Amino acid sequence: METANNKEANTLQVSKKEAYFTINPGPLVNQTDIPGVAFDFNYGARIGVPNGNFRVRIKDRNTGVTLYDAKASEATITSTKKFFVNFRIEVYKDDSLVFEHNYDAKNKKVLFRFPKGALGDNLSWFPYIQEFKNLHGCEAYCAITKELADLFRASYPEIKFIDADAFIEGVYATYYMGIFFPCSDRVHQPVDFRVVGLQRNAAHILSLPAEEVRPIILPKNTERVVKEPYVCIATQATSQAKYWNNPGGWISVIKYLKNKGYRVLCIDKDISNGHGSRWNTIPYGAEDFTGALPLQDRVDLLYHADFFVGLSSGLSWLAWGVGKPIVMISGFTLPQNEFYTPYRAINYHVCNGCWNDCRIEFVHTEFDWCPKNKNKDNQFECSRFITAECVHQLIDKLMFDHGLEAKA
């Protein structure tokens with residue numbers, strides 16, 4: 001537990017990949033009938049008491065464990081854990097119980113804050129907000145970027161959206177959605193996200209069933225712009241380890257798709273991306289649909305695609321939310337890290353799964369991060385040895401399973 005003077009602001013930054021949370025829960029929200037005693041759950045459990053002979057007790061109702069029990073005077077007591085806990089608060093004065101409260105978010109304002117950036121991460125975590133609202137009957141507010149809010153408004157009408165940096169009055173509880181570094185952080189997340197996977201980490205933060213939940217993303221313009229059958233691909237990523245590093249892989253797959261009668265549209269934001277001596281460009285043969293376009297435009301284009309071929313990246317999560325079948329090519333993550341797709345390309349005969357290896361922590365500042373084989377001949381072998389033939393077979397399986405015949 002942490003004790004602080006009531007006048008002391010609790011402001012800090014928590015790293016979440018390239019984005020940051022600025023955490024400032026503000027003054028205590030809920031005043032009680034006891035003068036000077038207030039509480040809320042806006043950064044864990046917080047209880048403020050005035051000068052006097054007070055004692056504060058905090059319990060976890062689900063486990064029956066007493067988390068804190070000590071005297072306090074003119075102080076704010078905060079729980080160590082900032083993720084969801086089914087708290088019980090008790091305040092004693094002169095050894096007599098004067099206030100008690102069990103966590104109950106029904107009909108109360110609950111705020112969920114998302115980091116800026118990290119498209120796929122935010123898409124993966126978002127559907128648990130609706131799950132939390134359904135379970136607790138709260139008034140759910142989501143602080144998220146406007147572009148993502150615009151994507152979700154139509155499919156999640158019960159959730160209220162505010163700007164990512166905005167604050168609202170009278171919030172009963174606040175939860176910070178993310179994966180937190182170092183990976184050993186057990187203040188903001190109860191488990192190691194490398195073990196449970198990207199999406200399910202959010203379920204654990206909110207103490208929800210760790211079941212896969214697909215975000216629902218609806219098109220805005222349902223008119224088909226590209227008349228011929230087409231497939232969308234995305235080849236860019238934020239780290240070289242995420243790329244398909246087989247030098248002829250994309251060229252072969254694009255040719256294979258074209259021979260089946262498909263147009264192949266590359267919908268990455270950037271036509272090229274890299275760092276230092278490593279640069280990745282749009283693969284030969286793909287049609288250039290790149291650019292800093294609104295995400296909704298990508299959604300409308302994906303809506304009419306027969307399927308999507310991509311990496312462990314944001315556009316794969318976007319395509320999943322639209323409901324498209326997906327061929328995913330990834331060796332540096334293990335399958336449990338992303339959503340389930342039966343069309344997953346990974347090669348277990350070479351080094352693989354470093355992102356989900358609990359002995360290793362991802363270094364965001366190293367674009368060419370390869371923790372086991374950096375600067376060796378077998379660097380990035382996890383994806384270099386995913387063959388084009390493997391992806392061809394997955395495409396055939398997907399087309400058979402979904403009854404797709406592009407040429408027809």
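The values are calculated or read from the model by the stated rules, or taken from the named source; none is laboratory data. Please read these numbers as outputs of a predicted model, since none were measured by experiment. Reconstructed Cβ throughout: ideal geometry from the backbone, glycine too, with neighbour counts over all protein chains shown. What goes into the accessible areas is simple: the full protein's heavy atoms, side chains included, and nothing from ligands, DNA or RNA. Shrake-Rupley method; radii C 1.70, N 1.55, O 1.52, S 1.80 Å.
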Select from segment 313-325 the residues that are outside any loop (DSSP other than H, G, I, E, B) and closer than 22 Å to residue 210 by Cα and list them in ascending order. 314, 316, 317, 318, 319, 320, 321, 322
What about residue 168, is it in a loop (DSSP other than H, G, I, E, B), touching a Phe, Trp or Tyr at 6+ places or on another chain (Cβ under 8 Å) and free of Cβ contacts under 8 Å to residues at least 60 places away in the same chain? yes
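Condition check ((1) under 21 Å from residue 322 (Cα atoms); (2) open to solvent by 70 Å² or more (accessible area, probe 1.4 Å); (3) among the hydroxyl-bearing types (Ser, Thr, Tyr)) across all residues:
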residue: 167; (1), (2), (3): no, yes, no
residue: 179; (1), (2), (3): no, no, no
residue: 188; (1), (2), (3): no, no, no
residue: 192; (1), (2), (3): no, no, no
residue: 200; (1), (2), (3): yes, no, no
residue: 214; (1), (2), (3): yes, yes, no
Quick test of your reading of the structure: residue 71 fulfils all but one of (1) within 35 Å of the chain's Cα centre (by Cα); (2) open to solvent by 40 Å² or more (accessible area, probe 1.4 Å). Name the failing condition by number. (1)
I'd like the residue in segment 260-281 that is hydroxyl-bearing (Ser, Thr, Tyr) and open to solvent by 20 Å² or more (accessible area, probe 1.4 Å) and, out of all such residues, is nearest to residue 249 (Cα to Cα). 281
From the options 255, 220, 227, 269, residue that is charged (D, E, K, R) and in a helix (DSSP H, G or I): 255
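Matching residues to (1) in contact with a Lys or Arg (Cβ under 9 Å, 6 or more places away or on another chain); (2) modelled with pLDDT of 95 or more; (3) polar (S, T, N, Q); (4) crowded, with 17+ Cβ neighbours inside 10 Å:
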residue	(1), (2), (3), (4)
370	yes, yes, no, yes
384	no, yes, no, yes
391	no, yes, no, yes
399	yes, yes, no, yes
406	yes, no, no, yes
Can you go through 356, 378, 352 and tell me which one is farther than 29 Å from residue 215 by Cβ and polar (S, T, N, Q)? 378
So which residues in segment 168-199 are β-branched (Val, Ile, Thr), farther than 17 Å from residue 122 by Cβ and in contact with an Asp or Glu (Cβ under 9 Å, 6 or more places away or on another chain), if there are any at all? 171
Residue by residue through segment 94-134, note down the ones that are in contact with a Lys or Arg (Cβ under 8 Å, 6 or more places away or on another chain) and either free of Cβ contacts under 8 Å to residues at least 24 places away in the same chain or more than 30 Å from residue 322 (Cβ to Cβ) (or both). 95, 100, 101, 102, 103
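Among the residues of segment 297-309, is any without any contact (Cβ under 8 Å) to a residue 60 or more places away in the chain and part of a helix (DSSP H, G or I)?
Yes, because at least one residue in segment 297-309 is without any contact (Cβ under 8 Å) to a residue 60 or more places away in the chain and part of a helix (DSSP H, G or I).
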For segment 287-296 the number of residues that are among the aliphatic types (A, V, I, L, M), buried (at least 18 other Cβ atoms within 10 Å of the Cβ) and part of a loop (DSSP other than H, G, I, E, B) is 0
Which of the following residues is among the polar types (S, T, N, Q), at pLDDT below 95 and out of contact with any helix residue (DSSP H, G or I) (no Cβ under 8 Å at 6 or more places or on another chain): 62, 10? 10
Criterion: closer than 30 Å to residue 211 by Cα, of a type in the set (Phe, Trp, Tyr) and surrounded by fewer than 16 Cβ atoms within 10 Å (Cβ to Cβ) - qualifying residue of 284, 340, 303: 340
Would you please list the contacts, defined by Cβ atoms under 9 Å and residues six or more apart or on different chains, that run from a residue in segment 257-272 that is modelled with pLDDT of 95 or more to a residue that is of a type in the set (Phe, Trp, Tyr) and surrounded by fewer than 18 Cβ atoms within 10 Å (Cβ to Cβ)? 272/279
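Could you tell me whether any residue of segment 142-155 is open to solvent by less than 30 Å² (accessible area, probe 1.4 Å), closer than 25 Å to residue 26 by Cα, over 16 Å from the mean Cα position of the chain (by Cα) and free of Cβ contacts under 8 Å to residues at least 40 places away in the same chain?
no
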Subset of segment 217-254, residues open to solvent by 30 Å² or more (accessible area, probe 1.4 Å), under 18 Å from residue 288 (Cα atoms) and touching an Asp or Glu at 6+ places or on another chain (Cβ under 9 Å), comes to 225, 229, 252
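From the list 84, 21, pick out the single residue that is modelled with pLDDT of 95 or more and crowded, with 19+ Cβ neighbours inside 10 Å.
Working: 21 fails: modelled with pLDDT of 95 or more.
The match here is 84.
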